[in-house]
Amino acid sequence: MWRAKVTLKGQVTIPKAVRAALSIHDGDAVLFAIEGDRAVLRPLKKKPLRGLYGALPATRPYPGLEAIRREVRQKRAERFEKGNHR
């Protein structure tokens, strides 16, 4: 077991041995869960986007990169004209 102090802002430094054992690195996200009177910390590993390829069925054939870029530009222009800049 390892011990750490909670700061005034509610922050805790994860001990080096725990980070090493769980392969937690700078920029990684962690998930906290409450189980009874315990808090459980679990690392959330980033997965490359290519791992999602084929996860959903295609709704239309792949038109090619340039066609996709044109469609994205068109949709963004439509949103901009409507005042939705996101």
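Read the figures in this text as sums done on the coordinates, not as results from a lab. Bear in mind the structure is a predicted one, so any value in this text is a computation, not a measurement. Here the Cβ is made from the backbone with ideal geometry for all residues, glycine too, and neighbour counts use every protein chain on show.
What to note about this one:
- The convex hull around the C-alpha trace of segment 1-46, projected and averaged over every direction, spans 3.9 square nanometres.
- Those chymotrypsin sites (Phe, Trp or Tyr not before Pro) in the chain that DSSP places in a loop and that have at most 12 other beta carbons within 10 Å: Trp2, Tyr53
- Per residue, the chain reaches -9000 deg cm²/dmol at 222 nm when only DSSP H runs of four or more residues are counted, each adding -39500 (n - 2.57).
- Summed over all non-identical Cα pairs, the Kirkwood treatment of the chain gives a radius of 18.1 Å.
- Rounded to the nearest 10 degrees, the angle from helix 65-82 to the longest Cα principal axis of the chain is 90 degrees.
- Charged side chains reduced to their Cβ positions (Lys and Arg at +1, Asp and Glu at -1) give segment 1-46 a dipole of some 120 debye around its Cα centre.
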